[in-house]
């Protein structure tokens, strides 16, 4: 990683921290939960696309230097983009409860990535049926009210579609580049 990408990542994390602080103070001129989730998603989507295109697609598909595998530790391979995303989400969850995020799909290869709430299902269906549009809603889980946003997760490189289409556990085998394969769900608790 070069210094410029380290600075960009640090700047993105600083932006997220400022946005989180501003969001909790939204009644006093802070930002809305929607603006917060839009900014968080922009960072997530950018990092995911860069890893997919510049690392996995380039090294595993184009140059065939190393493969990407869900069993990357045993096979000395690259982690899949979905795994990298989940690792990031788990790390964030261990550091804060001010927001959470996950990668989900109506056609998950890994069943843990299936939607669990009605709002998640509705949001995932919406982003599939309405290309280029995001879904926003509110839901109560336990005794906490959340602002929940769903963003389309699109096949940004050939390796996305081929990996999903060829996986032994895939429920769908016809993805192509540009297709919505699932969604990023970001949840922010509302109120104090």
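Here residue 175 meets each of (1) touching a residue at least 60 places away in the same chain (Cβ under 8 Å); (2) in a loop (DSSP other than H, G, I, E, B); (3) in contact with a strand residue (DSSP E or B) (Cβ under 8 Å, 6 or more places away or on another chain) with one exception, condition (1). Looking only at the range 97-118, count how many residues are assigned to a helix (DSSP H, G or I) and closer than 16 Å to residue 152 by Cβ. The qualifying residues number 1.
Take residue 43 and tell me if it is modelled with pLDDT of 90 or more, more than 21 Å from residue 191 (Cα to Cα) and touching a helix residue (DSSP H, G or I) at 6+ places or on another chain (Cβ under 7 Å). When the stated conditions are applied, residue 43 passes them. Scanning the range 106-118 for residues that are at pLDDT 95 or above and either surrounded by fewer than 21 Cβ atoms within 10 Å (Cβ to Cβ) or within 24 Å of residue 67 (Cα to Cα) (or both) yields 106, 107, 114, 116, 117, 118. When the range 135-160 is filtered for residues that are closer than 24 Å to residue 178 by Cα, assigned to a loop (DSSP other than H, G, I, E, B) and out of contact with any strand residue (DSSP E or B) (no Cβ under 9 Å at 6 or more places or on another chain), the ones remaining, listed by number, are 156, 157. With respect to residue 149, determine if the residue is at pLDDT below 95, surrounded by 15 or more Cβ atoms within 10 Å (Cβ to Cβ), touching a helix residue (DSSP H, G or I) at 6+ places or on another chain (Cβ under 8 Å) and under 30 Å from residue 70 (Cβ atoms). Criteria not met by residue 149. Within the range 123-134, take every residue that is under 17 Å from the mean Cα position of the chain (by Cα) and either assigned to a helix (DSSP H, G or I) or touching a residue at least 40 places away in the same chain (Cβ under 8 Å) (or both) and give me the one that is nearest to residue 103 (Cα to Cα). Filtering first and then ranking leaves 124.
Per-residue answers, yes or no, for (1) in contact with a strand residue (DSSP E or B) (Cβ under 9 Å, 6 or more places away or on another chain); (2) assigned to a helix (DSSP H, G or I):
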{"site": "52", "(1), (2)": "no, yes"}
{"site": "60", "(1), (2)": "yes, yes"}
{"site": "89", "(1), (2)": "yes, yes"}
{"site": "92", "(1), (2)": "yes, yes"}
{"site": "95", "(1), (2)": "no, no"}
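In the condition set (1) outside any strand (DSSP E or B); (2) touching a helix residue (DSSP H, G or I) at 6+ places or on another chain (Cβ under 6 Å); (3) surrounded by 19 or more Cβ atoms within 10 Å (Cβ to Cβ), residue 163 is compliant with all but (2).
The values are calculated or read from the model by the stated rules, or taken from the named source; none is laboratory data. Computed from a predicted structure; not experimentally measured. Here Cβ is always computed from backbone atoms with ideal geometry, including for glycine, and neighbour counts include all displayed protein chains.
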